[in-house]
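Just so it is clear, none of the values below were taken in a lab; they were calculated from the coordinates. Small disclaimer: the values here were computed from a predicted structure and weren't measured. Neighbour counts are summed over all protein chains in view; Cβ atoms, including those assigned to glycine, are modelled from backbone coordinates with ideal geometry.
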Amino acid sequence: MRTQRKSRSDKEQPAPAGKPALWKRLLAMILSPVLFLLLAELALSLTGYGYPKGFFIPWKVGGRRVYLVNQHYCEHFVPKTLSRAPEPCVLEPKEPSKVRIFVLGSSAAYGDPEPAYGFCRQLEVLLNEHAAGTSFEVINAAVTAMNSHVARRIAQDCAAHEPDLFVVFMGNNEVIGPYGPPTLPASLYASRGFINACITAKKQTRVGRLLKDVSQSLGVHGADQSKWQGMESFLTSRIAADDPRLQDCYRHFRDNLDDIIETAQSCRAGVLLCTVPINIQSCAPFGSEHKAGLTAESLAQWDQAFQEGRGLEQKGDYAAALAAYEKARQIDDAYADLSFCMGRCLAALGRTDEARRAFVEARDRDVLRFRADSSILRVIRDTAYAWSAKGVRFLDLDATCPASVFVDHVHLDFRGNFLAAVAAMAQIRAMMPRAGLTEPTRSEDQLLDLCRTRLLYDAREQYRLAMEMYRRKTSAPFAEQLDHDAELADLREELVRLRRVMGPHDLAAIEDAIRHRPLDTYLILRRGQALMETGRPRDAVDVYRNAIDAKPYDMRIRCALAQTLTQGGARGEAVKVLTSKQTPDRMSYKDALLFLGARCAESGNLPEATAIYEELGRIDPKNLDVLVNQAAAASQREDLPAMKRHLDKALSLAPDSVLAVTNMGNYYAKQKMPVEARKWFTRAAELDPYSPFAHVGIGIQSVRLKEWDKAVEHLTRAVALKPDLVEAHLLLGAIHDQAGRKDEAKKYQDLAALFRSSALSSSRQ
């Protein structure tokens, strides 16, 4: 059969009018949304929507250009409520004699619980003490709760600011941090390209920001509404040791480290790659799980052997305890706490190498992976070795820091950060011979005293930090660790000891420290606090004013000045200080008043707090924060009708406001209506199980109703969430005393006395 050929005229006949070619239609379908997004991004940019994308923000100070750390940077990666701000810092044009070092990492590198005494600041002190003709600038570019997915982005921004060296000090948050295994389905998490695209498209564009804000306002993504609760925020992120997603995690970490090193080398900066110090010996696992498939009978046998071992270990019979633990191990060797207990027994018996292997095994089997495991540490070592021929140096900080220098699982105390800084300084001296670093001529103890003096780490600060660690360790996941009660008891003893030795502010020591670091914000704030404590508020104002002249962008100093001015009756001037256009983090007029009102209420200045809230009420009569604060101020001055009026209005606007519901509970408590009050507090606890004020409210009203068990349950929960609730401690002490539990009663009575003295001290600062 012959195929009919089309004629020449048929071939040349044009397509029907109005129907473009298929490829053109497909191209239009692809390009149209792209063009729309580009135009939307441009429009949002022109309107100033969102916040800066970079880690540094360009700014002008006295006619010169500087760069400030973007305090909103991490909101690109996590919801605003979970985002932690980086350490404030300013980058000036680098002088030829200056060496600029950026430290990348998460909370351990950041210096948690207090960056003022962390690794970065101690390293800077030590380097400048041993520099000859050179000055060192150590920039803290680490951020709490972030990981290498974020650090590689920060490194790219740092590369534009003349770095001489990157110190890479990370690994603890690879599992639980942004875009870790728990955050994405396994199929998507496996692709690092997808993760990078997701970060860029959804987090680092203004359109992505708009979509996220809209979804949050509509309540579409419930997870994004969660609040920062410290480590409690990650309790659902449980990953077993055999989870296949961990292999992807290790691969992503290695690739991110490679990217950071390549970024550094592109700007001819050196890299010091460090392992992270990890407490394996005195920190029990946070989460233990049995292996799958065990029968009920096997679990019962395992538990019997484990409890037998625990009892023998507590009696000091470590050999017998080890034998009992071995019986449990034969049934199930996956339980992290078991490995940890065996490690303690082996250590007590002097079998050091075996003990370390058991501790490492316990850490690696911990399903709440707040600590870098062996594979993460191996990636760091292998990466350093792979790049060693190109100048990358390795520092094993994990081997440098003994168990005695940890305040918890990964964070170092002052001496621990000092030891890490000394080790880093030795490496930097070898890496940068032209910097002219001299060998230390003083002993380690003398250098440690130098850091203490220069950074004002005295008994007052030790007490404050010990109090912070006590608060943290009363909550999960610490509260679920083995021997948690004994650890809290040791912390209480330390707090009592520090309380006895701490004295008033030492103005001479402060002045000496400032002489060496005249623009140090932490030292300036200490000086102002000391002057306020000694009854010299005018001098404190002068200190803050002078500091702002030199550092007009520093909101920490501005807040301190505004608070001091308000206490002196200069509210208008205080508002101007907070709303100044000289800082990118300036407050709006309303936010400034909210800040000042809260500070006045906290300090007991009720007339000024009331006046501020009345002004706010006129400015924004439907603002929930204003209404709740008005109610709180009315409560403090015993104006119950006004309190009820403000709360009714607040609840009409936001029926599920935890603060409004809690304060309504307080209203009925003041009306001596315990049943109604407890109903409201219970509602608040349902809305937010982590609210200490809801639980203490339930507890107090249960005491009034003589429901002792319920009172103990909620008061105990309240002090776990907020340990400095003096009234809750007193009530718990009284209840336990009445029930004949004298030891428990004394514990809570002592805590009440301790936290009462702490509150008195804080009020004087």
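Some observations on this one:
- Estimated FRET transfer efficiency (Val496, Trp708; beta-carbon r; R0 30 Å; 0.05): 0.55
- Segment 458-503 has equivalent-ellipsoid semi-axes of 22, 11, 5 Å, by the square roots of 5 times the alpha carbon gyration tensor eigenvalues, sorted largest first.
- Chymotrypsin sites (Phe, Trp or Tyr not before Pro) restricted to DSSP loop in segment 327-377 with at most 14 other C-beta within 10 Å: none
- Computed from Cα atoms alone, the Kirkwood hydrodynamic radius reported for the chain is 29.4 Å.
- Measuring against 28 Å, Cα to Cα, the residue pairs Lys473/Lys622; Lys53/Lys473; Lys622/Lys710; Lys679/Lys722; Lys576/Lys649; Lys53/Lys551 contain Lys473/Lys622; Lys53/Lys473; Lys622/Lys710; Lys576/Lys649 as the ones spanning a longer distance.
- Neighbour-count order for Cys198, Cys559, fewest beta carbons within 10 angstrom listed first: Cys198, Cys559
- Pairwise centroid distance, computed over Cα atoms, of segment 393-456 with segment 331-365, Å: 29
- At an R0 of 30 angstrom, the distance between the Cβ atoms of Ser266 and Gln446 translates into a FRET efficiency of 0.15.
- Rounded if a/c under 1.5, otherwise prolate or oblate - segment 629-700, Cα gyration tensor axes: oblate
- For the chain, averaging the sequence separation of C-alpha pairs within contact (under 8 Å, six or more residues apart) and dividing by the residue count gives a relative contact order of 9 percent.
- Range of Cα positions in segment 539-655 per principal axis (Å), largest first: 47, 27, 18
- Sparse-neighbour loop sites [trypsin sites (Lys or Arg not before Pro); segment 233-293; at most 11 other C-beta within 10 Å; DSSP]: Arg268
- Residues of type aspartates and glutamates that Lys98 reaches as a straight line, Cα spacing below 17 Å, ignoring anything fewer than 8 places off in the same chain: Glu124, Glu129, Glu137, Glu162, Asp164
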